[in-house]
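Below is one structure, written out as structure tokens; comments come after it.
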Amino acid sequence: MTVSRGPIARFVAAVLAIVAVAAGPSFAGTPAIPAAAVPDLSSQARKTAREAERPRPKQAKPAPAKPAKPAFPPREPFTELEQRSAVIPGIATARFWADSEADYLAALPPAAGPWLALSSGGADGAFGAGVLAGLSAAGKRPQFALVTGVSTGALMAPFIFAGPRYDAQLQESYTTITAADVFELGGKGESFFDTWPLKDTIAKRVTPALLADIAAEHRKGRRLFVMTTNLDAERPVAWNMGAIATVGDQRALELFRAILLAATSIPGAFPPVLIEASANGHTFREMHGDGGLHNQFFIAPAKLMASNSSYRLPAPIYLIVNTSLAPVFTVTARDTVSILNRAVTAGVRTLTRVMIDRAYAAAKRSDVAFHLAVIDPTFDAPSRGAFDPAYMKALFAFGFEQGKNGLAFRAEP
């Protein structure tokens, strides 16, 4: 069966489908028993009713049930004021609030060159991976001064930032991975799924050698930002991954990996990630989830991208949107999974279109070039579920050919 190409919607649909099977037929859409049943007025029914009204001997009360043990220990308390000033111990420049104009401007790269923004999209990240590999094969890949990544874009961003020598790893990541490499059914109270497989996958691919290469590029003045959402503060966070990589020790490596896991943790589906921070000598752990809750891709804070802003982008923009934006007609079935699938697909596409339009307008008023790559509607390979390797291979090949042949980017939305 062919599944619609909305990446987040397809994943949510897969989540609900599995939950529906686990929960039983009523959740899956089987009609419930009517609330009002026809009363049985037979003599046997009246006799049964009279017997039910007779007093019965008292029975011993059951012992009170012991309260269930919480799955997790309570979180350390901290205040909003502490959260505002919290830093990562030992790495003062590890991150900044992505909705703060001042913090953003202070973190921008000193190196000159175009910027690359990589969007969310789940398995459809195979498209962006293919486009970049195709550009490398054609010898036309720019040296990006800034690379930003949201959700699946966050997973590919470190390899793209480190350079074309990581293209083979990028291809492997987006053509051989399966759902079993990402999640396992059976969350522990925070989500439907456990992401220990994705945590292991990240640990295998994000090595000390990769961090050393990212640190070397950071020292040249280039910057790599990965987005998460701070669920406590309800604010977007941009992580300066190059600054973390320059620390170079085991703690920095573990933090780097934890951020990538958090950046792809869809709340409810995947468990959030707790990251240690401190303020005024008080250490606590923040809760982080998928960066796509605030931005489908990131170029600048929302206020600077607004239509009434006078901010001028300092570099040409390359934007890779790892999804198709064309509406797909289908008669929607009357069940929870299908309805939610269609609703989320429409919502994500609409939000992405609005963000693209703002990015284009910001580039125009800044007098910088705008380059947009998005999955063309002519790509119609079927996807048979979340992280289908055959679908991802086809999409990578499609993106590769477009990147290699100079067809990937357009100058207008």
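The values are calculated or read from the model by the stated rules, or taken from the named source; none is laboratory data. Values in this document were obtained by computation on a predicted structure and should not be read as measured data. Note that we place each Cβ from the backbone using ideal geometry, even for glycine, and neighbour counts take in every protein chain shown. Ligands, DNA and RNA are excluded from the accessible area calculation, which covers all protein heavy atoms including side chains. Shrake-Rupley method; radii C 1.70, N 1.55, O 1.52, S 1.80 Å.
Which FRET efficiency value, to the nearest 0.05, do you get for residue 249 and residue 346 by plugging their Cβ-Cβ distance into 1/(1 + (r/R0)^6) with R0 = 30 Å? Display every interim value, and only then the final one.
Numbers: r = 46 Å, r/R0 = 1.52.
Here the calculated transfer efficiency is 0.05.
For the range 185-269, what value does the Rg/Rh ratio take when both radii are computed over Cα atoms and Rh is the Kirkwood radius, given to two decimals? Before the final figure, lay out the partial values.
Values: Rg = 14.2 Å, Rh = 13.9 Å.
That ratio is 1.02, to two decimals.
Got a sec to turn the phi values of the range 134-147 into Karplus ³J(HN,Hα) couplings, 6.51 cos²θ - 1.76 cosθ + 1.60 with θ = phi - 60°, whole Hz, x for Gly and Pro?
Each residue of the range 134-147 in turn: x, 4, 4, 4, 8, x, 10, 7, x, 8, 7, 6, 9, 10 Hz.
Which value, in Å², gives the accessible area per residue of the range 237-346 when a 1.4 Å probe is used on the protein heavy atoms? Mind dumping the intermediate values first?
Working: 4430 Å² over 110 residues.
Averaged over the residues of the range 237-346, the accessible area is 40 Å².
Given the Cα-Cα distance of residue 329 and residue 200 and 0.36 nm per residue of separation, how much length would full extension add, in nm?
On the way: separation 129, 0.36 × 129 = 46.44 nm, distance 3.82 nm.
Between residue 329 and residue 200, full extension yields 42.6 nm more.
Cα-based Rg of the range 336-379 per 2.2 N^0.38 Å, rounded to two decimals?
Here the answer is 1.55, to two decimals.
Which value in nm describes the separation of the simple spin-label points at residue 176 and residue 365, placed 7 Å from the Cα toward the beta carbon?
Placing both labels 7 Å along Cα→Cβ, they lie 4.7 nm apart.
Would you mind counting up the charge near residue 403? Only other residues with Cβ under 12 Å from its Cβ, with Lys and Arg at +1 and Asp and Glu at -1. Walk me through the intermediate numbers first.
Details: positive: 140, 141, 404; negative: 167, 401.
Surrounding charge for residue 403 is +1.
Between residue 87 and residue 279, what is 0.36 nm times their sequence separation minus the Cα-Cα distance? Round to one decimal in nm. Don't jump to the answer; show the numbers that get you there.
Numbers: separation 192, 0.36 × 192 = 69.12 nm, distance 0.66 nm.
Between residue 87 and residue 279, full extension yields 68.5 nm more.
What pairs from 140/364; 140/199; 204/303 go past 30 Å between their alpha carbons? Numbers along the way, then the final one.
Numbers: 140/364 23 Å; 140/199 33 Å; 204/303 38 Å.
Correct reply: 140/199; 204/303.
Report the local net charge at residue 229: Lys and Arg +1, Asp and Glu -1, summed over other residues whose C-beta lies under 14 Å from its C-beta. Please report the intermediate quantities before stating the final value.
Values: positive: 95, 235; negative: 99, 232, 234, 286, 290.
Taking every Cβ under 14 Å from that of residue 229, the sum is -3.
Once the convex hull of the C-alpha atoms of the range 137-209 is built, how many Å³ does it hold per residue, rounded to a whole number? Please report the intermediate quantities before stating the final value.
On the way: hull volume 8.2 nm³, N = 73.
Each residue corresponds to 113 Å³ of Cα convex hull volume.
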